[in-house]
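The block underneath contains the structure these notes are about, expressed in structure tokens.
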Amino acid sequence: MNPFNYQRATSPEEALHAVSARGAKFLGGGTNLVDLMRYDVEHPTTLIDVTHLSFTQIANTGNITVIGAGVRNSDLANHETIRTNYPLLSQALLSGASPQLRNMATTGGNLLQRTRCSYFMDTTFPAFNKRVPGSGCAAIKGLNRNHAILGASNDCIATNPSDMNVALAALSATIHVTGPKGKRAIPITDFHRLPGDTPQLDTNLKPDELITAVELPAPKFAKHSYYLKVRDRQSYAFALVSVAAGLEMDGNTIRSAGLALGGVAHKPWRSLDAEKSLVGATAGPDAFKRAATLAVSGAEPREHNAFKVELAKQSIVRALTLAAQGVQA
């Protein structure tokens, strides 16, 4: 463990001032950052504890729900408003990590969770562009079973590991942040980045900005949503493929849809073309298979993960089927 300083922020202004120091990072639950420090991947000079700020409420304003960045994953998953109006988010959270980790992890921290690519986590592999830009990507010709099939680049094929992020993408969430230049709102689809030639940048959040809240629009999928996670073991494993599916139904006709994939890209993969294909369609195998094909269009699998293409298609059909039936995970 490298030496570091610790500072507990008592206000957002104090936190923002402190993070301006070279090498400083915000600390939420620490379930990801502290791991990366132990593995010698991250080397912050100062940890600024933001868990004591006033970002721990879940509030309803009209039909909009605002989740503070400091809300713990367990509290969020089990909150009555989330379970009733946004069961897709609750399901996704409860499928992630372990109860102990969910009790610590925060909403803001989960949004910033870094990849669990083994080449990233193990510094004995020098070729990893997310750690050392320009060093190469060992995963491309290595063991890439768990890696991206969509939106990857020649510089990085890592995947975003968060279950919560996938549900937030399907729900069209908005991320609220604050920084020295004021406040701004970032749609979830614009928050995370594809790797391109800058894979070291996971999000469009600036280093001196702090996540304050996540906003969910009026609920549309409360009665018809399903989060499906396919993994190597039932408990405490990251997704090979996950699907967040939400449908707004009028009888057996689909009025609107939200569809996002996890485990397949550097960011939660939302397919607008697949969603559009579902609107106005009759819920059933034909519509769901068509959407699945569109969702994985352009997939470029590597040597060990070609199975993910068909797995993603089948998982999409399954998740949409269960969502249409109103099955709750």
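The values are calculated or read from the model by the stated rules, or taken from the named source; none is laboratory data. Since we're looking at a predicted model, the values are computed, not measured. Here the Cβ is made from the backbone with ideal geometry for all residues, glycine too, and neighbour counts use every protein chain on show. Note: areas computed on protein heavy atoms with side chains; ligands, DNA, RNA excluded. Shrake-Rupley method; radii C 1.70, N 1.55, O 1.52, S 1.80 Å.
Compute the FRET efficiency between Ala21 and Thr282 as 1/(1 + (r/R0)^6), taking r as their Cβ-Cβ distance and R0 = 35 Å, and round to the nearest 0.05.
Efficiency, from the Cβ-Cβ distance: 0.05.
Suppose all protein chains stay in the model; what accessible area per residue would a 1.4 Å probe give for region 120-220, in Å²?
Numbers: 4180 Å² over 101 residues.
That works out to 41 Å² per residue.
Taking the highest mean first, how do the peptides 55-66, 201-212, 250-261 order by number of other beta carbon atoms within 10 angstrom per residue?
The densest-packed peptide leads the list: 250-261, 201-212, 55-66.
Round to a whole number: what % of the accessible area of the chain belongs to carbon and sulfur, probe 1.4 Å?
51 percent
Which whole-number percent is the relative contact order of region 5-51 (Cα, under 8 Å, 6+ apart)?
Details: 60 pairs, mean separation 25.7, N = 47.
Computed over region 5-51, the figure is 55 percent.
In nm, what is the difference between 0.36 nm times the number of residues separating Ala59 and Gln328 and their Cα-Cα distance?
On the way: separation 269, 0.36 × 269 = 96.84 nm, distance 2.39 nm.
So the chain would gain 94.5 nm between Ala59 and Gln328.
What value, in deg cm²/dmol to 500, does the helix sum -39500 (n - 2.57) over DSSP H runs of n ≥ 4 give at 222 nm once divided by the residues of the chain?
Using -39500 (n - 2.57) per qualifying helix, the result is -8000 deg cm²/dmol.
Where Lys and Arg each count +1 and Asp and Glu each count -1, what net charge lies around Leu201 among other residues with Cβ under 12 Å from its Cβ? Working shown, then result.
Working: positive: Arg114, Lys130, Arg193, Lys206, Lys267; negative: Asp155, Asp197, Asp202.
Net local charge, Leu201 excluded: +2.
With r as the distance between the Cβ atoms of Thr198 and Glu303 and R0 = 25 Å, compute the FRET efficiency 1/(1 + (r/R0)^6) and round to 0.05.
0.50
Write down, largest first, the equivalent ellipsoid semi-axes of region 225-325 in whole Å, where each equals the square root of 5 times an eigenvalue of the alpha-carbon gyration tensor.
23, 15, 11
Could you tell me how far the Cα centroid of region 1-74 sits from the Cα centroid of region 203-243, in Å?
Computed from Cα coordinates, the inter-centre distance equals 19 Å.
Filter the chain for me: DSSP H helices, axial length by Cα at least 20 angstrom, mean Kyte-Doolittle hydropathy not below -0.5. List them by residue number.
Helices meeting the criterion: 307-325.
So, counting K/R as plus one and D/E as minus one, what does the shell of residues with Cβ under 14 Å around Ala59 add up to?
Local charge sum for Ala59: -3.
Under 8 Å for C-alpha pairs, at least 6 residues apart: give me the relative contact order for the chain, rounded to a whole percent.
Once divided by the residue count of the chain, the mean separation gives 17 percent.
If the cut-off is a Cα-Cα distance under 25 Å, which lysines reach Lys308, setting aside same-chain residues fewer than 8 apart in sequence?
Lys130, Lys141, Lys229, Lys267, Lys276, Lys289
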